[in-house]
Amino acid sequence: MSPGARVPGDPTARPLPIVPVLQAPADIPAVANLGNLLRRRARLTPDRPACYRKILRDADGRAIEPRWETLTWRQFHDRAATVARGLIDLGLAVGARVAILGPTNVEWGVCDFGGHLAGLATAGIYPRQTAAQIRHLLQHSGAEAIFVAGGTAWGDDGAQGREELANVVEAAQDAPDLRAIVVWGAPGDPAFDPSSADDPRLRSLDAFAADPPLDDDALDARLASVGLDDLAILIYTSGTTGPPKAAMIS
């Protein structure tokens, strides 16, 4: 379709945008898994916007006039790669599972792709689950780490974040294979008070992902054995008619 052409059959529609075809350099890894898919995008369009998030607090946690922050593909990739390093430093082997419980936001995506860059499979957990339901999902999935949104990450005064975190901590008492409970909050929000944590596995996302991101050589080595047919995502049913069941997505 030529530039400026309109959608066939709809003379009132706006012209379709013309998106250039990007040719990947030979040194960019082939896309055999989701981790390399992100790496490929970050190399092809490092400075293009990947996502946007609304900032409501400054670095000291004070409320500010809302503003939007742009994350480029390079920035998104590097944040995910710091999460990958944290997961690998926990001792998680390729193919291990990690769970994520939180609202749909940038941090959810960073944790998700951090898992994929580490060669792991991720499993989302619905919000508003009881501790018993979360316990079942942790045990069934075999998750060795869970990321959970705390503080004001849910867009309220922090009540839901405290409730979700409390349920995860309670559920984790019967999940001996769980190595870490990693908590994120809204930007500028500490998410939880580490001094009051009653589970040694609790840590903040900022502390968990404080080290530099993995470099290309480390990522190459980690992802070399992850192929198209390997488990990438566990998607659980809601569990309204019985224990949740998982769809296994390669």
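The values are calculated or read from the model by the stated rules, or taken from the named source; none is laboratory data. Note that the structure is a prediction, hence the values are computed from the model and not measured. Ideal geometry is used to build each Cβ from the backbone, glycine not excepted, and the neighbour counts take in all protein chains shown.
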**Asked** Across the stretch 225-244, which residue is modelled with the lowest pLDDT among those that are of a type outside the set (F, W, Y) and surrounded by 14 or more Cβ atoms within 10 Å (Cβ to Cβ)?
**Response** G239
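Hey, any hits in the stretch 144-161 for a residue that's part of a strand (DSSP E or B), of a type in the set (F, W, Y) and within 19 Å of the chain's Cα centre (by Cα)?
Step one: list which residues in the stretch 144-161 are part of a strand (DSSP E or B), which gives 144-149.
Remaining after also requiring of a type in the set (F, W, Y): 147.
If we keep only those that are within 19 Å of the chain's Cα centre (by Cα) as well, we get 147.
Checked the stretch 144-161: at least one residue is part of a strand (DSSP E or B), of a type in the set (F, W, Y) and within 19 Å of the chain's Cα centre (by Cα).
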**Prompt:** Restricting to the stretch 217-237, what's the tally of residues that are more than 15 Å from H116 (Cβ to Cβ) and in contact (Cβ under 8 Å) with a residue 24 or more places away in the chain?
**Reply:** 1
**Item:** Selected residue (only one of I64, I28 is modelled with pLDDT under 95, touching a Leu at 6+ places or on another chain (Cβ under 8 Å), β-branched (V, I, T) and closer than 30 Å to G151 by Cβ)
**Value:** I64
**Breaking point among (1) touching a strand residue (DSSP E or B) at 6+ places or on another chain (Cβ under 7 Å); (2) without any contact (Cβ under 8 Å) to a residue 60 or more places away in the chain; (3) not polar (S, T, N, Q), for G185** = (1)
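What number of residues in the stretch 130-154 are touching a residue at least 40 places away in the same chain (Cβ under 8 Å) and either surrounded by 20 or more Cβ atoms within 10 Å (Cβ to Cβ) or in contact with a Pro (Cβ under 7 Å, 6 or more places away or on another chain) (or both)?
At the first step, the residues of the stretch 130-154 found to be touching a residue at least 40 places away in the same chain (Cβ under 8 Å) are 131, 133, 135-138, 140-154.
Next cut, either surrounded by 20 or more Cβ atoms within 10 Å (Cβ to Cβ) or in contact with a Pro (Cβ under 7 Å, 6 or more places away or on another chain) (or both) only: 136-138, 141, 143-154.
Residues in the stretch 130-154 being touching a residue at least 40 places away in the same chain (Cβ under 8 Å) and either surrounded by 20 or more Cβ atoms within 10 Å (Cβ to Cβ) or in contact with a Pro (Cβ under 7 Å, 6 or more places away or on another chain) (or both): 16 in total.
How many of the residues making up the stretch 203-224 are small (G, A, S), closer than 30 Å to A166 by Cα and surrounded by 14 or more Cβ atoms within 10 Å (Cβ to Cβ)? Don't jump to the end; show me each part of the working.
Just the residues of the stretch 203-224 that are small (G, A, S), to begin with: 204, 207, 209-210, 218, 221, 224.
Narrowing further to those that are closer than 30 Å to A166 by Cα: 204, 207, 209-210.
Cutting the leftovers down to surrounded by 14 or more Cβ atoms within 10 Å (Cβ to Cβ) gives us 204, 209.
Of the residues in the stretch 203-224, 2 are small (G, A, S), closer than 30 Å to A166 by Cα and surrounded by 14 or more Cβ atoms within 10 Å (Cβ to Cβ).
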**Asked** Could you list, in sequence order, the residues of the stretch 85-107 that are within 10 Å of the chain's Cα centre (by Cα) and at pLDDT below 95?
**Response** G102, T104, N105, V106, E107
**Request:** Could you list, in sequence order, all residues of the stretch 206-232 that are part of a helix (DSSP H, G or I) and closer than 30 Å to G151 by Cα?
**Result:** D206, A207, F208
**Request:** Collect the residues in the stretch 40-76 that are touching a residue at least 60 places away in the same chain (Cβ under 8 Å) and out of contact with any strand residue (DSSP E or B) (no Cβ under 7 Å at 6 or more places or on another chain), keeping them in residue-number order.
**Result:** A59, D60, G61, R62
**Message:** Quick check on my filter: what residues within the stretch 171-184 are surrounded by fewer than 24 Cβ atoms within 10 Å (Cβ to Cβ) and not aliphatic (A, V, I, L, M)?
**Reply:** Q173, D174, P176, D177, R179
**Prompt:** Out of all the residues in the stretch 193-201, is one or more modelled with pLDDT of 85 or more, crowded, with 20+ Cβ neighbours inside 10 Å and out of contact with any His (no Cβ under 9 Å at 6 or more places or on another chain)?
**Reply:** no
